[in-house]
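Novice: My questions all concern the structure below.
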Amino acid sequence: MAEEVLQVTNLSVEVEKKEILHGINLEIGRGETHVLMGPNGAGKSTLGYALMGNPAYEVTGGQILFGEKNLAELSASERAKEGLFLSFQNPLEVPGISLSNFIRSAREQRTGERVRLWDFRKELESKMELLQMDYSYAKRDLNVGFSGGEKKKAEILQMLMMKPQLAILDETDSGLDVDAVRTVSRGVEEYQKDKDGSLLIITHSTRILEALHVDMTHVLMNGRIVAEGDATLISQINENGFEQFE
């Protein structure tokens, strides 16, 4: 059995005094890819934000262990330094810092080591080529003026360059056309080649999953996990939708 990277036990989460998640249990092993599926409004993004430590999402019960660390004791920035990564549905624009400088600074903070500029640039160029991103985007302010597709690619680029222990991808395929989904999926495949890196893919669609190896699938409805299984559960959802779990 794979070493556990994330262990969520009986987790309950409130947003603006309204309980959204009710007693969530989830375990992710090192190198595993898990998929969290469910209809819109089920609470999928709430789980991602709670894991990352967004203060608007109040944990009212249960426990989150990341390796041996209790995440309740860590701020969002400390969680990132420990190796937790969250891609956003709607990435924010950050004027004043280029995409390249943002990634380089974040990686240095994550590893505690200086990054050699020449080596960093070569690696960045390679990852951007994989994602079919023009290198000029590296010099532009983070997400400023980027299309929706380029913002999503920039999120995957950050994941590839940061090499987190656990990457949480929140609706990464949302709003993308077919070609962009394939490109983003290639980036996720590249991340999967690192057998130490774990993934939690949050989605209500299966497009991004078509070329990926999936170890476990979880179905979230009305704030509760109502079904779990291997990758065959994805095909079952494609055929019969989420209504079968009501």
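Novice: Semi-axes of segment 1-84's equivalent ellipsoid from the Cα gyration tensor, sqrt of 5 times each eigenvalue, largest first, rounded to whole Å? The partial results should precede the final answer.
Specialist: Values: eigenvalues 80, 51, 26 Å².
Ellipsoid half-lengths, sorted descending, are 20, 16, 11 Å.
Novice: Quick one: the Cα spread of the chain along its three principal axes, in angstroms, biggest first?
Specialist: Extents along the principal axes, in whole Å: 52, 41, 38.
Novice: Relative contact order for segment 38-168: what percent, with Cα pairs under 8 Å and sequence separation of 6 or more? Write down the numbers at each step before the final one.
Specialist: Working: 125 pairs, mean separation 40.3, N = 131.
Normalised by residue count, the contact order of segment 38-168 is 31 percent.
Novice: Hand me the GluC sites (Glu not before Pro) from segment 36-85 located in a DSSP loop with no more than 11 other Cβ atoms within 10 Å, in residue order please.
Specialist: Values: sites: Glu58, Glu68, Glu73, Glu78, Glu82; in loops: Glu68.
Counting only loop positions with at most 11 other Cβ atoms within 10 Å, the GluC sites (Glu not before Pro) in segment 36-85 are Glu68.
Novice: Report, to the nearest 10°, how far helix 148-162 tilts away from the longest principal axis of the Cα atoms in the chain, using its own Cα long axis and a range of 0 to 90°.
Specialist: 80 degrees
Novice: Right, here's the next one. How large is the accessible surface per residue of the chain, computed with a 1.4 Å probe and reported in Å² as a whole number? Please report the intermediate quantities before stating the final value.
Specialist: Values: 12040 Å² over 246 residues.
Per residue, the chain has 49 Å² of solvent-accessible surface.
Novice: Relative contact order, percent, of the chain when contacts are C-alpha pairs under 8 Å separated by at least 6 residues?
Specialist: Numbers: 451 pairs, mean separation 66.3, N = 246.
Reported relative contact order: 27 percent.
Novice: At 222 nm, what value in deg cm²/dmol follows for the chain if DSSP H runs of at least 4 each add -39500 (n - 2.57) and the sum is divided by all its residues, to the nearest 500?
Specialist: On the way: 7 runs with 82 residues, N = 246.
So the helix-based figure for the chain works out to -10500 deg cm²/dmol.
Novice: Another question, if that's okay. Evaluate the distance, in nm, between pseudo-label points positioned 7 Å from the Cα of Gln236 and of Arg140 along their respective Cα→Cβ axes.
Specialist: The modelled label-to-label distance comes out at 4.3 nm.
Novice: If I take every Cα pair under 8 Å that is 6 or more residues apart in segment 117-246, average their sequence separation and divide by the length, what percent do I get for the relative contact order? Show your work: numbers first, answer last.
Specialist: On the way: 121 pairs, mean separation 25.1, N = 130.
Relative contact order comes out at 19 percent.
Novice: Still on this structure, please answer the following. Determine the shape class of segment 41-109: with a ≥ b ≥ c the square roots of the Cα gyration tensor eigenvalues, call it rounded for a/c under 1.5, and otherwise prolate if a/b is greater than b/c, oblate otherwise. Show your work: numbers first, answer last.
Specialist: Numbers: a/c = 2.66, a/b = 1.44, b/c = 1.84.
The shape class here is oblate.
Novice: Which entries in Lys17/Lys81; Lys127/Lys152; Lys139/Lys193 show an alpha-carbon gap greater than 18 Å?
Specialist: Working: Lys17/Lys81 29 Å; Lys127/Lys152 14 Å; Lys139/Lys193 28 Å.
Result: Lys17/Lys81; Lys139/Lys193 exceed 18 Å.
Novice: Between Ala76 and Asp119, take the C-beta separation as r, use R0 = 45 Å, and let me know the FRET efficiency to the nearest 0.05.
Specialist: Values: r = 28 Å, r/R0 = 0.63.
Here the calculated transfer efficiency is 0.95.
Novice: Another question, then. Which value, in Å² and to the nearest 10, is the accessible area of His218 when all protein chains are kept and the probe is 1.4 Å?
Specialist: 0 Å²
Novice: Between Glu228 and Leu65, what FRET efficiency follows from the Cβ-Cβ distance if R0 is 22 Å, with the result rounded to 0.05?
Specialist: Numbers: r = 19 Å, r/R0 = 0.87.
E between Glu228 and Leu65, to the nearest 0.05, is 0.70.
The values are calculated or read from the model by the stated rules, or taken from the named source; none is laboratory data. Just so it is clear, the structure is predicted and the values come from calculations on it, not from any experiment. Positions of Cβ are generated from backbone atoms using ideal geometry, with glycine treated the same way; all protein chains shown enter the neighbour counts. Accessible surface is based on the protein model in full, side chains and every heavy atom, while ligands, DNA and RNA are left aside. Shrake-Rupley method; radii C 1.70, N 1.55, O 1.52, S 1.80 Å.
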